[in-house]
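These notes are about the structure you will find just below.
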Amino acid sequence: MITRRYALGLLGAGALAPRAFAQARHVYDLTPVQIADGMWMIEGSTDYFSMQNGGAIVNIVLMKGDSGLILLDSGPSLRYGEALTTVARQLDLRGVTSVVNTHHHPDHFFGNQAFADRPIYALGETLAAAKAEGESFADAMYRLLGDWMRGTEVVPPTQVIDGGNVMIDGRAFHALPLGGHTAGDLALVDQKTGTLLTGDLVFYDRAPATPSADLTRWQQSLNELEKVEAAQLVPGHGPVDKTRAAIPQTRGYLTWLEDTLRTAARNGLDMVEIMETPLPAEYAAMGAEPGEFHRSVAHLFPGIELQELPRAN
Amino acid sequence: MLRRPLIYLACLVWAPVALALEDPKTQLKDPMKSGMWDYHQIELLGDPENIRFDDRVIVRGPESAEDSLNVPLLVDASGIKNVKRIIVSADYGPIPHILTYYPEKAEPKIGLRFKIDQATAIRASVETHDGQWLIGSTYIDAAGGGCTAPAHAYASDDWEEKLGEIHGRLWAASGRARVIVDHPMDTGLSDGIPVFIIQNLSFESDEGDLMARVELYEPVNEDPAFSLYFEPGTLGGTLHVKGRDNNGNRINGVLSESETH
C-alpha cells in the first residue's frame, strides 16, 4: 500500500539531490572528524533548529575511554542518539560506554535516550533543570522538528559530576563547574590532549543563544575559561578554535548585546524597534543571525528595561 | 455506504445559506487569508460598510513569538489623518480583542506586548472620525499557550505589594513616552483564577488635558508595557498616568524626563 509518507518520500527522491532524499527520510548524516589522538568531533550546523537540519546544530565529541567511547553531548533527538550509536561503533567496536551533558538545553541532551542504560554525567544544576524544563523543551522541539523527534522522550542525566580533577572511564579531565549560559554549564579540559571542551559557554562564528542566560555570570565564566591553558578549544556550536579567538568573540558579542539593549531601554525603544536595528557587520555574518538576536531581545529586554527605567509612582 | 453522500448533500443544501448569514456588508479580500476575518469584521467592528485593507496601517512584530506571554507589536497608522481609534486584535485565540487605542493628541502609533495562543494573523483596525475603517495586518507564528497559562506574578509572594507599580519616563525631544505597569493581567482562562485585568489607562497633561487613552483586554501581557508617540516638542515636562482595573484598584503615576538608573 502506498501511504502518504511513502509517496512524499518518492517525491523527494525524484525531484531532489541524494542529500535531500536522506533528509526527506529523516536520516542524520553524521561525520566524525578526528581532532586529536583518540578524539573525534561531529560538527553541527551553525543554523537554528529547522525541519531541514533535524536539529543537528550542536557539536558532539567522542573520546576513547578504557571500556569504550565517552560521548560529550548527545544531540537533539532519539533518532540522533541512535545515529550516534552507529557512528560510534565504527570508531570503536565497543561503542559509547559513558555520556556527559554539558548543560540542559535540548540539542545537547535529547539523544540521552539511546544511552539510557549507561552512566550519564552532568552538573547537579543541569540534572535539576533537565527534570524541571525537559518536558516544555520537548513540546517546543516536536513543534520545530516534527517527525525528526518521533519517539524522543526526556532522559535527564543520572550521575552528578563536581568540579576539579575527575576520571571518566579511565580518562582524566579537569572539570569546571560554571554557568551563565544556563544555571549549570560544565566545561572540561581533556588532560591527555589539552583540549578545552566549553559546551555553550563559547560559540564560534555562530550567535550565542540566550534563552536561559545570566549575562553577568556568563562573562565571569568566560574569564575562568580564558585562564585555561589549552592546545585547542571545542565550542558548543561552530568550528574548532586553535587561535584562541572564540572566547573573545563570544565575550564581545555578549557585551555588545547587553549594551545595545540597555541603550535602547534608556532611549525609550521597544522590542520591535530594537529587532529592526541592523546588526554590526561582524555579528551579522555569524550563523543563526539575525534570528538569534531577535530571540535574545525577547529573552532579555523586558528584564533589562525594568532595571533601566525609573519608577513613576 | 449511503451515509457519506447524504452528508455531502446536506452540506450542499446548507452551505450557501450559512455563508449568506455570515457575510459582512462589505466583503474584503483578506491579504492574510486567515479564514476568520469576516467574522471579526462583523463581531468586533460592528460590520461597517466603509471598510478596506490599507497599506498605511502598518503592523510590525516578530515572525515568530519566542515568548508567547510577551509578544511585541508596533502599530503605526501615522500615515493616516483624523484617526479616532485603533482596535488591535488576533484572528485566532480565545479572546480576539487585545486593546483599543484612542490617540487623542498623540500620533496614531502604539507599541505594546500581548499574549498569543497560537499562530495567527494580527490586525490593527483604524477608525477615522469621518467613519472609515482601514485595516492593517501581520502574521505571527507561535507555539502558543500564552492566554491559558497562569501569570508569572504568582511565582513570587510579593506580587500584591508591587501591584500598580509604574516604571517609565518620557523623552520630550523625540516625542516618546514609555510606561510599564505591574499587573498580573489574568485572562480568566487559567483554572481557578478569575479575570483580573487593567481596563483602562489614560495619559493627561499637567493641565488635565486628555493626551491619549488605552482600553485593555485580557490578551495584553502581564505587566502591560506601552510606547506612545507624540509630535516632537508637543509634550510638556510630565505626563500623568491614570487607570483602573476590574477590581477597582486605581493606578496613578507621573512620567517625566527624570534620569534613568
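What is the list of residues in region A:254-273 whose amide nitrogen lies under 20 Å from a point 7 angstrom out from the Cα of A:Glu226, following Cα to Cβ?
A:254-260
Would you tally the net charge around B:Ser190, using a Cβ to Cβ cut-off of less than 14 Å, leaving B:Ser190 out, and scoring K and R as +1, D and E as -1? Each step should come with its number before you reach the end.
Values: positive: B:Lys115; negative: B:Asp117, B:Asp186, B:Asp191, B:Glu218, B:Glu222.
Around B:Ser190, the surrounding residues sum to -4.
With a/c under 1.5 counting as rounded, go ahead and sort the protein assembly as shown into rounded, prolate or oblate using the C-alpha gyration tensor (a ≥ b ≥ c being the square roots of the eigenvalues; past the cut-off, prolate if a/b is larger than b/c, else oblate).
Oblate.
Between A:Ala172 and A:Asp37, what is the label-to-label distance in nm when each label sits 7 Å out along the Cα-to-Cβ direction?
Going from the A:Ala172 label point to the A:Asp37 one covers 1.3 nm.
Along Cα→Cβ, 7 Å out, is where each label goes; now give me the distance between the ones at B:Lys29 and B:Ser258 in nm to one decimal.
5.4 nm
What is the sum of charges around B:Ala77, taking Lys and Arg as +1, Asp and Glu as -1, for the other residues whose C-beta is under 13 Å from the C-beta of B:Ala77? Working shown, then result.
On the way: positive: B:Arg56, B:Arg60, B:Lys81, B:Lys84, B:Arg85, B:Lys109, B:Arg123; negative: B:Asp54, B:Asp55, B:Asp76, B:Glu107, B:Glu127.
With Lys, Arg at +1 and Asp, Glu at -1, the net is +2.
Please report the projected area of region A:68-202's Cα convex hull averaged over all directions, in nm².
Averaging across all directions leaves 7.7 nm² for the Cα convex hull.
Obtain the nm distance between the two label points defined at A:Tyr142 and A:Ser67 by a simple spin-label model: each point lies 7 Å from its Cα along the Cα-to-C-beta direction.
About 3.4 nm separates the two model spin labels.
Just the number, please: percent antiparallel of the DSSP beta bridges in region A:10-248, rounded to the nearest 5.
Looking only at bridges with both residues in region A:10-248, the antiparallel portion is about 65 percent.
With unit charges on the beta carbons (Lys and Arg positive, Asp and Glu negative) and the dipole taken about the Cα centre of the protein assembly as shown, which residue among A:Val87, B:Ser125, B:Gly188 sits farthest to the positive side?
So the residue we want is A:Val87.
Just in region B:37-117: which GluC sites (Glu not before Pro) are loop by DSSP and have at most 15 other Cβ atoms within 10 Å?
Working: sites: B:Glu43, B:Glu49, B:Glu63, B:Glu66, B:Glu104; in loops: B:Glu49, B:Glu63, B:Glu66, B:Glu104.
Here the GluC sites (Glu not before Pro) that fit, given the DSSP loop and packing criteria, are B:Glu49, B:Glu63.
Filter A:Lys64/A:Lys242; B:Lys84/B:Lys115; B:Lys25/B:Lys109; B:Lys84/B:Lys242 down to the pairs with a C-alpha to C-alpha distance above 23 Å, please. Intermediate results must be reported in sequence, preceding the final value.
On the way: A:Lys64/A:Lys242 21 Å; B:Lys84/B:Lys115 25 Å; B:Lys25/B:Lys109 28 Å; B:Lys84/B:Lys242 20 Å.
Long pairs (Cα-Cα over 23 Å): B:Lys84/B:Lys115; B:Lys25/B:Lys109.
Arrange the following residues from fewest to most other Cβ atoms within 10 Å of their Cβ: A:Glu229, A:Glu292.
A:Glu229, A:Glu292
Determine the relative contact order of region B:112-205: mean sequence separation of Cα pairs under 8 Å and six or more apart, normalised by residue count, in whole percent. Let's see the in-between values first.
Values: 118 pairs, mean separation 18.6, N = 94.
For region B:112-205, the relative contact order is 20 percent.
Could you give me the ³J(HN,Hα) list for region B:106-123, computed from phi with Karplus coefficients 6.51, -1.76, 1.60 and θ = phi - 60°, whole Hz, x at Gly and Pro?
Along region B:106-123, the couplings run 8, 6, x, 8, 8, x, 8, 10, 8, 9, 10, 9, 6, 4, 7, 6, 10, 10 Hz.
Can you tell me which of B:Ser156, B:Ser78, B:Ser190 moves the most in a GNM of chain B? Springs connect C-alpha atoms under 10 Å apart.
The residue with the greatest mean-square fluctuation here is B:Ser156.
Specify the inter-centroid distance of region A:46-111 and region A:236-294, based on alpha-carbon positions, in whole Å.
For region A:46-111 versus region A:236-294, the Cα centre distance is 28 Å.
If we restrict to alpha carbons, what Rg and Dmax does chain A come to, in Å?
Using the Cα atoms of chain A, the pair Rg, Dmax is 20.0, 70 Å.
In the Gaussian network model of chain B, springs joining C-alpha atoms below 10 Å, which of B:Ala124, B:Ala143, B:Ala212 carries the largest mean-square fluctuation?
Greatest mean-square fluctuation among the candidates belongs to B:Ala143.
Quick one: Karplus J couplings for region A:93-98, per residue in order, coefficients 6.51, -1.76, 1.60, θ = phi - 60°, nearest Hz, x for Gly and Pro?
Rounded to whole hertz, the list is 4, 7, x, 7, 10, 8.
For region B:126-221, which GluC sites (Glu not before Pro) are both in a DSSP coil and crowded by at most 10 other Cβ atoms within 10 Å?
Answer by residue number: B:Glu207.
Normalised radius of gyration for region A:252-313, please: alpha carbon Rg relative to 2.2 N^0.38 Å, two decimal places.
On the way: Rg = 12.0 Å, N = 62, 2.2 N^0.38 = 10.6 Å.
Normalised Cα radius of gyration, region A:252-313: 1.13.
Which aspartates and glutamates, if any, have their Cα less than 16 Å from the Cα of A:Lys192, not counting same-chain residues under 8 positions apart?
Here the aspartates and glutamates satisfying the reach criterion relative to A:Lys192 are A:Asp37, A:Asp66, A:Asp169, A:Glu229.
Averaging sequence separations of C-alpha pairs under 8 Å and six or more residues apart, then dividing by the length of chain B, give the relative contact order as a whole percent.
18 percent
Under 19 Å from a label point 7 Å along Cα→Cβ of B:Arg250: give me every residue in region B:203-219 with its amide N that close.
Under 19 Å, as judged by backbone N against the label point of B:Arg250, lie B:203-211, B:214 of region B:203-219.
So what does the Cα-only Debye profile of region B:49-256 read at q = 0.11, 0.13, 0.15, 0.18 Å⁻¹, as log10 I(q)/I(0), no solvent term?
Cα-only, vacuum Debye calculation for region B:49-256: -0.50, -0.70, -0.94, -1.30.
Each reported figure results from applying straightforward, stated rules to the coordinates on display, with no laboratory input. No experiment lies behind these values; they were computed from the predicted model shown. Virtual Cβ from ideal backbone geometry, glycine too; neighbours counted across all protein chains shown.
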